[in-house]
Amino acid sequence: MTATSTPAATPLMDRLISRTVQKHRPLSVHFDLTYRCNERCVHCYLDHDDHGELTTAECLKVLEDLARSGALFLTFSGGEIFLRPDLYEILAAARRLHFDISLKSNALLVTPERAARLREFGVRRVQISVYSDIPAVHDAITKVPGSLERTLAAIPILIEHGLQVKLACPLMQENLMAYRGVMALAEKLGVPYILDLTITPMMDGSSGPLEHRASVSSLLPVLRDPLLHACKPQPAAQAASAAEAPRLALGSAVSSGIESAAYEDLPCSAGHNSCYISPYGDVFPCVQLPQAAGNLRREKFEDIWYHAPHLERLRAIRESQLPICSQCDLRGYCERCPGLALMEGGDLLGAYERACALAEEKARLAGVADPISALHRQPSSALVQTTAKGEFASLAADSSSD
Amino acid sequence: MSTPATATWQKNPALAWREIDDETVIISPNDSVMHELNDTGSFLWKNIDGKKSAVELAELLAENYEVTPDIALSDTQALLEEMSSRKLVVTVPAAGGVSP
């Protein structure tokens, strides 16, 4: 589940998503510059040691490749990006290449001087992790005493320098009931927020972070909260359509587009018009789908993006063909993630317990009588597929050899 | 008040933009508003380089698309004015630099 206060996909964004999905253009790229971090969040899925990050020159070459491939939305993240001593050099290159630049940070290292430089390099938005408005709760998650105070002190600095700030609050056992405080904090600051129940395994597949995940039963008060249902995304401005004469379609607010109807029968955007790049140059469909399609130290981005077998197989998947989920009556309540289906259920095409249990609870809350997901409706032996299972098996085999 | 057809234009350097399959998406970071140019608009956008005027841009448009010079100039000026009102392009003063 995610609850968000940001705008829904606009008609212009829908059109852009449709075009880029149809032609497999890499519209959005999430680029982690480092896994090193100055916090040690209990739920983090990363190994914070440096195993050989891309050099500055390698990062700049990646950016040139991405620009040439048509990437527009670029999110730099980590780890903590301010631990890269060449951050400004990388941002300057991104600006020269006309990317729309967003950052994800814990903001501990933000100063007025650094905020000014971010603005100078054209950064549009900074997403900041805030786990609670209560210092003891936030700091217990980050394991850095005083971290909430420092993070919150950075937000007005960023705003004063013209940067948009968005709060991101992953919810877990340790801060489950803190979400209202984070929402109030966001409202007080005048910034959007996102609440996210997604806690993922480590990228190597180990399950340590899942120990912190809130149980489905403990989520019921959150799912029932009318305040969250009052925060539906607001429609953004309409845009004019382009005509034959030189035309400018104007005035659509930029949105994540993540819930765009333009994705139609696709499980998500991963590998269709978005991807993830690790600090070591590995290209993945998504940070939550850690099957490397190639490495930018050995191959050009375009060669990976357009020719990697992993991505080609991923692009062939349609929700309506999923062996279990296509038979499920609760699809409208489900937020199935292909990556989590792989990491938690062992099958990129399969159903997994967490998504099914959450869908059942959401359906029940919506008034559906005795909702049962397809996974729970049938004996497991009846769910075995042939062709689709084989397709996944090849993916898994490739993944394990990386 | 319309801008003289001989004034030269340049892109607002603060913008993010990308040409994707003959259409150009432009984002102004100040207000997070997205704009989109069709193929002929993208053609003009590519040629806005701080050196060309509306007249010169219109000549290029007429050379490359099936459109009369008069219509090309009229369309080009209309697009430039529209983009200027959105701060996507600015005129370049004769002495160089960006107009306020």
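List of remarks:
- Among the residues of this structure, A:L185 does not count as one that is within 30 Å of B:I26 (Cβ to Cβ) and either hydrophobic (A, V, I, L, M, F, W, C) or out of contact with any His (no Cβ under 9 Å at 6 or more places or on another chain) (or both).
- Restricting attention to the range A:25-55, the residues being of a type outside the set (D, E, K, R) and touching a Ser or Thr at 6+ places or on another chain (Cβ under 6 Å) number 6.
- Considered as a group, the residues in the range A:154-199 that are assigned to a helix (DSSP H, G or I) and among the polar types (S, T, N, Q) include one that is nearest to the other protein chains (Cβ to nearest Cβ), and that residue is A:N175.
- The set of residues in the range B:42-60 being in contact with a Ser or Thr (Cβ under 7 Å, 6 or more places away or on another chain) and within 25 Å of A:R19 (Cβ to Cβ) consists of B:S42, B:L44, B:W45.
- Selected residue [away from chain A (no Cβ under 11 Å) and touching a Lys or Arg at 6+ places or on another chain (Cβ under 7 Å)] from B:T68, B:T8, B:T3, B:T91: B:T8
- Each residue in the range A:61-83 was checked for being surrounded by 21 or more Cβ atoms within 10 Å (Cβ to Cβ) and part of a loop (DSSP other than H, G, I, E, B), and 5 of them qualify.
- B:K46, sole failed condition from (1) crowded, with 16+ Cβ neighbours inside 10 Å; (2) under 23 Å from A:R25 (Cβ atoms): (1)
- Residue in the range A:307-316 that is in contact with a Phe, Trp or Tyr (Cβ under 8 Å, 6 or more places away or on another chain) and assigned to a helix (DSSP H, G or I) present: yes
- Considering B:A62, B:A78, the condition of being of a type in the set (A, V, I, L, M, F, W, C), part of a helix (DSSP H, G or I) and crowded, with 17+ Cβ neighbours inside 10 Å is satisfied by B:A62 alone.
- Unique match (being among the charged types (D, E, K, R), more than 9 Å from chain A (Cβ to nearest Cβ) and without any contact (Cβ under 8 Å) to a residue 12 or more places away in the chain) among B:E59, B:E81, B:E63: B:E63
- Residues that are more than 14 Å from the chain's Cα centre (by Cα) and more than 8 Å from chain A (Cβ to nearest Cβ), drawn from the range B:11-32: B:D22, B:S28, B:D31
- For the range A:139-154, the count of residues that are buried (at least 18 other Cβ atoms within 10 Å of the Cβ), among the acidic types (D, E) and touching a residue at least 12 places away in the same chain (Cβ under 8 Å) is zero.
- Residue satisfying condition, being surrounded by 16 or more Cβ atoms within 10 Å (Cβ to Cβ) and out of contact with any strand residue (DSSP E or B) (no Cβ under 9 Å at 6 or more places or on another chain), within set A:E299, A:E319, A:E312: A:E319
- For the range A:65-115, a residue qualifies if it is within 14 Å of chain B (Cβ to nearest Cβ) and among the basic types (K, R), and the qualifying residues are A:R68, A:R95, A:R96.
- Taking the range A:91-107 as the range and being crowded, with 21+ Cβ neighbours inside 10 Å and not in a strand (DSSP E or B) as the test, the residues that pass are A:L91, A:A94, A:F99, A:N106, A:A107.
- Verdict on B:A5 being touching a helix residue (DSSP H, G or I) at 6+ places or on another chain (Cβ under 8 Å), aliphatic (A, V, I, L, M), in a loop (DSSP other than H, G, I, E, B) and surrounded by fewer than 16 Cβ atoms within 10 Å (Cβ to Cβ): yes
- Picking from residues in the range A:116-153 that are within 14 Å of chain B (Cβ to nearest Cβ) and not in a helix (DSSP H, G or I), the one that is farthest from A:G181 (Cα to Cα) is A:F121.
No lab work stands behind these numbers, since they all come straight from the coordinates. As the structure is a prediction and not an experimental result, all values here were calculated from the model. Using ideal geometry, Cβ is built from the backbone for each residue, glycine included, and neighbour counts are taken over all protein chains shown.
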